[in-house]
Amino acid sequence: MDRGTVGSANRGRLQVEARTEGRSEVVTPVGELDHHTADLLREPLESAVEQGRVRLVVDCSRLEFCDSTGLNVLLGARLKAEAAGGGVHLAGMLPVVARVFGITGAEAVFTVHDSLEAALDT
């Protein structure tokens, strides 16, 4: 398995790492995902789909906050990935982030896994 970091970005409150692992593109946002930082996550997700890596795994285990803009980034990535024959898997959500997905009903449209390992095993 390739565990090397392919890309990384930082805009203060959010860092995003992206790597290819097996048949998945693993994108790991670290920090706060909101209106000001959303493009840092949008760009690697869209880039992966454009390059044909359409099984996206978002490792949410270090995502501390997600507002509606962040949710929309993930929903947009889901639409693009599914249109290309793939999908978005969310892994290891902290309770504060899982609550946003539960309140909005967004958890019903994503494949959600307890851990990154579980997401990569499916």
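Once Rg and Dmax of the Cα atoms in Å is worked out from the coordinates, which option in [x] 12.8, 36; [y] 17.0, 50; [z] 14.8, 48 does it equal?
Answer label, from the structure shown: [x].
Considering only region 15-76, what is the antiparallel percent among its DSSP beta bridges, to the nearest 5? Walk me through the numbers before you get to the answer.
Values: 7 of 13 bridges.
Just about 55 percent of them are antiparallel.
Based on Cβ point charges of +1 for Lys and Arg and -1 for Asp and Glu, what charge dipole magnitude is obtained for the chain about its Cα centre, in debye rounded to the nearest 20? Can you show the working numbers first?
Values: 12 positive and 18 negative charges, 21 e Å.
So the magnitude is around 100 debye.
Which whole DSSP H helices in the chain pass both tests: a Cα extent of 20 Å or more along the axis and a mean Kyte-Doolittle value no lower than -1.0? Could you put the intermediate results ahead of the total?
Values: long enough: 68-83 (22 Å, 0.44).
Membrane-span-like by this rule: 68-83.
Relative contact order for the chain: what is it in percent, counting Cα pairs under 8 Å that are at least 6 residues apart? Numbers along the way, then the final one.
Values: 239 pairs, mean separation 25.6, N = 122.
Normalised by residue count, the contact order of the chain is 21 percent.
Local charge sum around residue 121 (other residues, Cβ-Cβ under 12 Å, Lys/Arg +1, Asp/Glu -1)? It would help to have the intermediate numbers written out before the result.
Working: positive: 23; negative: 21, 114, 117.
Around residue 121, the surrounding residues sum to -2.
Please calculate how many Å² of accessible area the chain carries per residue, with a 1.4 Å probe and no DNA, RNA or ligand atoms counted. Please list the in-between numbers first.
Working: 6120 Å² over 122 residues.
Heavy-atom SASA per residue in the chain reads 50 Å².
Would you mind telling me the antiparallel percentage of the DSSP bridges in the chain, rounded to 5?
Details: 12 of 26 bridges.
If I count the DSSP bridges inside the chain, around 45 percent turn out antiparallel.
In whole Hz and in residue order, list the ³J(HN,Hα) couplings for region 113-122 that follow from phi through the Karplus curve 6.51 cos²θ - 1.76 cosθ + 1.60, θ = phi - 60°; x for Gly and Pro.
Values per residue, Gly and Pro as x: 10, 5, 8, 4, 4, 5, 5, 6, 7, 8 Hz.
Once you've got the GNM for the chain with C-alpha springs shorter than 10 Å, pick whichever of 52, 87, 70 has the biggest mean-square fluctuation.
Sorting by GNM fluctuation, first place goes to 52.
Whose amide H sits under 5 Å from the amide H of residue 87, counting only residues 5 or more places off or on another chain, with H placed in the peptide plane?
Result for residue 87 returns 55, 56.
The values are calculated or read from the model by the stated rules, or taken from the named source; none is laboratory data. On a predicted model such as this, the values are computed, not experimentally measured, just so you know. In this analysis, Cβ positions are derived from the backbone assuming ideal geometry, glycine residues included, and neighbour counts consider all displayed protein chains. When the accessible area is computed, the model is the full protein with side chains, heavy atoms only, and any ligands, DNA or RNA have been set aside. Shrake-Rupley method; radii C 1.70, N 1.55, O 1.52, S 1.80 Å.
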